[in-house]
Amino acid sequence: MASTASPYGLRPVNLIGGQAFNGGVIREFPVKANNSAAIFNGDLVVLSSAGLPSAVTSTPVAITLAATSVIATAGIVGVCVGARYVNSEGQLTFNNYLPAGLVTGGASDVFVRVMDDPDALMEIQASAALGTFNSGSSGSGFAGAVGKNAQLGFSTAGNTTTGNSGMNLLTGTNGNGLVTTQSYGVRIVGFREGTQEDTYPEFVVKLNVGVHSYQNSTGV
């Protein structure tokens, strides 16, 4: 049971619609210039116009369906699941995350490894308990969270010991962060079974349309 906040970012667990999943196809993006900030396991990865990957640091925006144009953030290519590089001593290294400053530190052949399937389902820890969310005599309880949209939180830094992201899901007090707002970045599709009544429950989410670069016609 999660009684303490221990966010780990987004953790790919499956694909939507019962598609075959064996851990996901991993694409490697080269880090050709120095990365001033680490990219932690579970971070969303975004490409710059120069093709340099970095971690997303604010909640992404989905397509607003009633709008006449896409307002989503371009360039998000998936979730970091690790890194590989040749370290300054010439050793091939696989790491749980991409440390900062590798290129200037003497590393070469640096790649961030990304689970880039836009249909990925991912677990993420919530920022607060659901409390009285959707309760009452006619309420459907915790199940009422399924189908709601939410934003991602970035108030906790990544952990250089575990390599995990500090990103979480902003549920708000008594679930008031779980709404129908079209532009919110993720859709809740389920729970990690057994965590529904935890202090920090864990959700299964999917990126909303327009958040992922492969579902967004806006280039970087």
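The values are calculated or read from the model by the stated rules, or taken from the named source; none is laboratory data. Bear in mind the structure is a predicted one, so any value in this text is a computation, not a measurement. Virtual Cβ from ideal backbone geometry, glycine too; neighbours counted across all protein chains shown. These area figures cover heavy atoms from the full protein model, side chains too; ligands, DNA and RNA do not enter into them. Shrake-Rupley method; radii C 1.70, N 1.55, O 1.52, S 1.80 Å.
For THR132, are the conditions met, namely being open to solvent by 30 Å² or more (accessible area, probe 1.4 Å), touching a residue at least 40 places away in the same chain (Cβ under 8 Å), more than 17 Å from ILE188 (Cβ to Cβ) and touching a helix residue (DSSP H, G or I) at 6+ places or on another chain (Cβ under 7 Å)? Yes; evaluated as a whole, the condition is true for this residue.
When THR180 is tested against (1) in contact with a Gly (Cβ under 7 Å, 6 or more places away or on another chain); (2) among the hydroxyl-bearing types (Ser, Thr, Tyr); (3) within 28 Å of GLY18 (Cβ to Cβ), only condition (1) is not met.
Going through (1) out of contact with any Lys or Arg (no Cβ under 9 Å at 6 or more places or on another chain); (2) touching a residue at least 60 places away in the same chain (Cβ under 8 Å); (3) open to solvent by 50 Å² or more (accessible area, probe 1.4 Å); (4) farther than 30 Å from SER108 by Cβ one by one, SER36 falls short only on (4).
Taking every residue in the range 148-161 that is part of a strand (DSSP E or B) and pairing it with any residue that is of a type in the set (S, T, N, Q), at least 6 positions away or on another chain, the pairs with Cβ-Cβ distances below 6 Å are ASN149/THR181; GLN151/THR59; LEU152/THR59; GLY153/SER127; GLY153/ASN168.
Cβ separations smaller than 6 Å between residues 6+ apart or across chains give the following pairs from the range 1-30 residues that are part of a strand (DSSP E or B) to residues that are of a type in the set (Phe, Trp, Tyr): ASN14/PHE21; LEU15/PHE21; GLU28/PHE111; PRO30/PHE111. Regarding SER165, is this residue of a type in the set (Ser, Thr, Tyr), crowded, with 21+ Cβ neighbours inside 10 Å and either over 14 Å from LEU10 (Cα atoms) or at pLDDT 90 or above (or both)? Yes. Taking the conditions exactly as written (acidic (Asp, Glu) and either surrounded by fewer than 17 Cβ atoms within 10 Å (Cβ to Cβ) or farther than 26 Å from ALA83 by Cα (or both)), does GLU202 satisfy them or not? No: the conditions fail for GLU202.
Selection within the range 70-91: residues that are in contact (Cβ under 8 Å) with a residue 12 or more places away in the chain and more than 18 Å from VAL45 (Cβ to Cβ). The member of this set that is farthest from the chain's Cα centre (by Cα) is SER88. For the range 2-10, check the following and say yes or no: at least one residue is at pLDDT below 95, under 17 Å from LEU152 (Cβ atoms), open to solvent by 60 Å² or more (accessible area, probe 1.4 Å) and of a type in the set (A, V, I, L, M, F, W, C). Taking every residue of the range 2-10 in turn, at least one turns out to be at pLDDT below 95, under 17 Å from LEU152 (Cβ atoms), open to solvent by 60 Å² or more (accessible area, probe 1.4 Å) and of a type in the set (A, V, I, L, M, F, W, C). If you go through the range 39-81 and keep only what is surrounded by fewer than 22 Cβ atoms within 10 Å (Cβ to Cβ), part of a strand (DSSP E or B) and either among the small types (Gly, Ala, Ser) or at pLDDT below 85 (or both), you end up with SER54, VAL61.
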